[in-house]
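> For reference, the structure I am asking about is given below.
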Amino acid sequence: MEKEFDPYLRIDDVTVDRSDVAMLRAIDDCGSLSGAAAALERSYPRLQQRVVELEEAVGPLVERTRGGADGGGSSLTETARDLLARFDRLVAAYEGVARVDETVLTGPVIDRDGELATVETEAGNILAVVPADAATASVTIRSDAVSLHAPADVPRAEGTSVRNRFPGTVSWLEAGDAVARVGIELEDGDGGDEGTELVALVTRRSVKALGLEPGRSIVASVKATAARGVARDERNDR
């Protein structure tokens, strides 16, 4: 599963990403390719070549004028402004769904192997990076660190760093253009039906491949190194 998501537009064989958008906006602000290259601290020949590559895919993006009273310069075409508007709409839709959620599981440390500790929680035991002096820990799991598997396709724990596995049921799904937030109702540590909700951030491709929908049985996995714990002072909870 991807850990970071970066919005982009795919046009023919060219990918338009944030750096391309920054380049076009710099050209618009500076009024020239050379000015944009200086402002972005990028090589002018490479910036110019990138403009050519994009124009071959989407059409004219920069209108160049030479000489004259104002000394010439460059400005964006309507095609370029439409491209920027498309990217802005994509980012807005993306950021509306791709925020990172955090699930916190708390319990006593029952075993330790160096920096890794086993913490007993209501969702079951979880192996996490926990400070050495912690007797009780709160373990945080980010949604972009969660992978989802069909129950029959869960990879074996032996020989991998994906040591934490949590069976559960999809409780809700919020899908965007590229990614989706998925709520998973985990079984409790005793195998009961009700438990903690874990949120996963996955691609739309994964949603389709796994057939994710409310009620679907699923297994969430988390690498031990992606589960981070902090010491919990039990005296402050009283």
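> Enumerate the amide H contacts of VAL179 below 5 Å, restricted to partners 5 or more residues apart or on another chain; note that Pro and chain-start residues carry no placed amide H.
ARG204
> Separate question: Quick one: 3J(HN,Hα) in Hz for the stretch 167-176, Karplus 6.51/-1.76/1.60 with θ = phi - 60°, rounded, Gly and Pro as x.
x, x, 10, 5, 9, 7, 8, 10, 9, x
> Based on the Cβ-Cβ distance of ARG165 and SER19, what FRET efficiency does E = 1/(1 + (r/R0)^6) give at R0 = 30 Å, to the nearest 0.05?
The computed FRET efficiency comes out at 0.20.
> Also: Kindly write out, for the stretch 179-184 in residue order, the coupling ³J(HN,Hα) from the Karplus curve 6.51 cos²θ - 1.76 cosθ + 1.60 (θ = phi - 60°), rounded to whole Hz, with x marking Gly and Pro.
Whole-Hz 3J(HN,Hα) from phi for the stretch 179-184: 9, 9, 9, 10, x, 10.
> Turning to a different aspect of this structure: Could you give me the ³J(HN,Hα) list for the stretch 106-113, computed from phi with Karplus coefficients 6.51, -1.76, 1.60 and θ = phi - 60°, whole Hz, x at Gly and Pro?
With the stated coefficients, the stretch 106-113 comes to 10, x, x, 7, 10, 7, 8, 9 Hz.
> Right, something else. Near the amide H of THR121, under 5 Å away, which other amide H atoms are found, from residues 5 or more places off or on another chain, if H is placed in the peptide plane?
For THR121, the qualifying residues are ILE126.
> Under a plain spin-label model, where a point goes 7 Å from the Cα along Cα-to-Cβ, how far apart in nm are ASP113 and THR225?
Computed distance between label sites ASP113 and THR225 equals 1.4 nm.
> 5 Å is the cut-off here: which amide hydrogens, built 1.01 Å from N in the peptide plane, fall below it relative to GLU197, excluding neighbours closer than 5 in sequence?
Distant-sequence amide H within range of GLU197: LEU186.
> Expected output is a single nm value to one decimal: the length gained when fully extending between SER34 and ASN125, i.e. 0.36 nm times separation in residues minus the C-alpha distance. What is it?
Full extension from SER34 to ASN125 adds 27.0 nm.
> Can you sort TYR8, TYR44 by 1.4 Å-probe accessible area, starting with the largest?
The ranking, largest first, comes out as TYR8, TYR44.
The values are calculated or read from the model by the stated rules, or taken from the named source; none is laboratory data. What you see is a predicted model, and the numbers here were worked out from it, not measured in a lab. Cβ sites come from the backbone with ideal geometry, for glycine too, and all protein chains shown count toward neighbours. Side chains are part of the model used for accessible areas, which takes the heavy atoms of the whole protein and leaves out ligands, DNA and RNA. Shrake-Rupley method; radii C 1.70, N 1.55, O 1.52, S 1.80 Å.
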